[in-house]
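The values are calculated or read from the model by the stated rules, or taken from the named source; none is laboratory data. Remember, it's a predicted structure, so these values are computed and weren't measured experimentally. No Cβ is skipped: glycine too gets one built from the backbone with ideal geometry, and neighbour counts run over all protein chains shown.
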Amino acid sequence: MLSSDDLEKLRKAGSVAASARDIGMDMVAEGVKLYDVAEEVESYIKSKGCGLAFPCNISLNEIAAHYTPSSNDKSAFEIGDVVKIDCGAHIDGFVGDTAGTVEVGTNRYRELIDSSRRARDLVMEFVGEGTTISEIGTAIDSSIRSDGFLPVKNLTGHEITRFNLHSGLAVSNYDDGNKTALTAGMIIACEPFATNGGGMIKAGRPGNIYRIVRERPIHDPDARDFFEYVKAEFSSFPFCARSCDHPKAELLTKKLIRHGILSSYAILTEVRGGCVTQSEHTVYISGPRGEVTTLP
């Protein structure tokens, strides 16, 4: 179990992430640039004394995850876009991870958006100490299928530990047969993805989100200094060049990738080009009923 001080950090990080999520979702409108939303979401998180647990993901339509705009991204939302806002805040490594979906100017995908949200909220009603991964997956799968859609089977929720966003357990969106039971003190992210496509995602081109994969000698002094900055600013969390307070971030990030020190996350898309929606909460397992930390 977390100490009272650490639990307060977790709660604050969750609350800040939830407010940032809602700010981002409220900004989504025709003609608004993705870059402006990402910057606003991340600026809010930092203004509240939190660090970024990962760059703000803004994934459209058939893109399920891992898209964040670069500094020179001029793309803007268009009528009919289905927009997933996924953001995370941390305090001293304790993370709030949350996501929601909105549609630009139409109601064509309202039921699909509601489906992932309903599945998430259903799990929030019973998840707690003793709940099995299989039970969570069964509930999500049944809920989404009853709406006439499919869960994305090869995207999962995840256990979170301090300074580790994806740690230990994968929390599947279908019954994967895992009878592992949640125990007191665990932190999990439950994030159903619903689609009108094939129910699977594939890895696309490399995106703008990076992580440290190894340390090795860096002879270029600028690259070495930048790497030290990244470690100090983001620790083990994913980051993007846009979020760096460094004038050469874009250039030096690419240099560190070429040296095998950083790796980029692939942009994930639905296998049949179907539309994907996402809803996510972080939950602290504190007893028979977990505590949802990502409420505003």
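Go through the range 249-276 and report how many residues are modelled with pLDDT of 95 or more and part of a loop (DSSP other than H, G, I, E, B).
Matching residues across the range 249-276 total 7.
Inspect the range 41-53 for any residue being buried (at least 24 other Cβ atoms within 10 Å of the Cβ) and assigned to a strand (DSSP E or B) and give the result as yes or no.
yes
Residues to consider are D26, D5, D36; find the one that is over 15 Å from the mean Cα position of the chain (by Cα), closer than 18 Å to E280 by Cβ, surrounded by fewer than 16 Cβ atoms within 10 Å (Cβ to Cβ) and without any contact (Cβ under 8 Å) to a residue 12 or more places away in the chain. Even if it seems obvious, please write down each step before you answer.
Details: D5 fails: closer than 18 Å to E280 by Cβ; D36 fails: closer than 18 Å to E280 by Cβ.
Result of the check over D26, D5, D36: D26.
P192 fails exactly one of the following numbered conditions: (1) more than 20 Å from E62 (Cα to Cα); (2) within 19 Å of the chain's Cα centre (by Cα); (3) crowded, with 19+ Cβ neighbours inside 10 Å. What is the number of that condition?
Just one mismatch for P192, condition (1).
Out of everything in the range 257-290 that is under 25 Å from A89 (Cβ atoms) and more than 22 Å from the chain's Cα centre (by Cα), what residue ends up being surrounded by the fewest Cβ atoms within 10 Å (Cβ to Cβ)?
Residue satisfying both the conditions and the ranking: G287.
Out of G128, G204, G137, G199, I need the residue that is in contact with a strand residue (DSSP E or B) (Cβ under 8 Å, 6 or more places away or on another chain) and either within 30 Å of S4 (Cβ to Cβ) or in a strand (DSSP E or B) (or both). Which one? Give the derivation first.
Numbers: G128 fails: in contact with a strand residue (DSSP E or B) (Cβ under 8 Å, 6 or more places away or on another chain); G137 fails: either within 30 Å of S4 (Cβ to Cβ) or in a strand (DSSP E or B) (or both); G199 fails: either within 30 Å of S4 (Cβ to Cβ) or in a strand (DSSP E or B) (or both).
None of the other options fit; the residue is G204.
For the range 242-277, give me the residue count where each residue is in contact with a Gly (Cβ under 8 Å, 6 or more places away or on another chain) and among the acidic types (D, E).
Within the range 242-277, the first condition is being in contact with a Gly (Cβ under 8 Å, 6 or more places away or on another chain), and the residues that meet it are 264-276.
The next check asks that each one be among the acidic types (D, E); those that pass are 270.
Counting residues in the range 242-277 that are in contact with a Gly (Cβ under 8 Å, 6 or more places away or on another chain) and among the acidic types (D, E) gives 1.
Is it the case that some residue within the range 140-151 is touching a helix residue (DSSP H, G or I) at 6+ places or on another chain (Cβ under 7 Å), assigned to a helix (DSSP H, G or I), among the hydroxyl-bearing types (S, T, Y) and closer than 23 Å to G100 by Cβ? Break it down stepwise before answering.
Of the range 140-151, the ones touching a helix residue (DSSP H, G or I) at 6+ places or on another chain (Cβ under 7 Å) are 140, 143-144, 147, 149-151.
Filter once more, so that each one left must be assigned to a helix (DSSP H, G or I): 140, 143-144.
Then keep just the ones that are among the hydroxyl-bearing types (S, T, Y); that gives 143.
Add one more test, that the residue is closer than 23 Å to G100 by Cβ, and what stays is 143.
So far as the range 140-151 goes, yes, one or more of its residues are touching a helix residue (DSSP H, G or I) at 6+ places or on another chain (Cβ under 7 Å), assigned to a helix (DSSP H, G or I), among the hydroxyl-bearing types (S, T, Y) and closer than 23 Å to G100 by Cβ.
Of all residues being in contact with a helix residue (DSSP H, G or I) (Cβ under 9 Å, 6 or more places away or on another chain) and of a type in the set (G, A, S) in the range 14-42, which is farthest from A184 (Cα to Cα)? Just the residue, please.
Ranking the candidates gives A38 first.
Given the criteria surrounded by fewer than 19 Cβ atoms within 10 Å (Cβ to Cβ) and either in contact with a helix residue (DSSP H, G or I) (Cβ under 6 Å, 6 or more places away or on another chain) or assigned to a loop (DSSP other than H, G, I, E, B) (or both), does G177 qualify?
yes
If you check every pair at least six apart or on different chains, which have Cβ atoms under 6 Å apart with a residue in the range 64-88 that is assigned to a loop (DSSP other than H, G, I, E, B) first and a residue that is modelled with pLDDT of 95 or more and hydroxyl-bearing (S, T, Y) second?
Listed pairs, sorted by first residue: H66/Y265; Y67/S59; P69/Y35; D73/Y35; G80/T106.
Sort out which residues of the range 89-120 are in a helix (DSSP H, G or I) and without any contact (Cβ under 8 Å) to a residue 60 or more places away in the chain, and write them in order of number.
Those that are in a helix (DSSP H, G or I) and without any contact (Cβ under 8 Å) to a residue 60 or more places away in the chain: R110, E111, D114, R118.
If you take the residues in the range 207-221 that are touching a residue at least 24 places away in the same chain (Cβ under 8 Å), assigned to a loop (DSSP other than H, G, I, E, B) and not β-branched (V, I, T), which one is surrounded by the most Cβ atoms within 10 Å (Cβ to Cβ)?
Out of the qualifying residues, it is D220.
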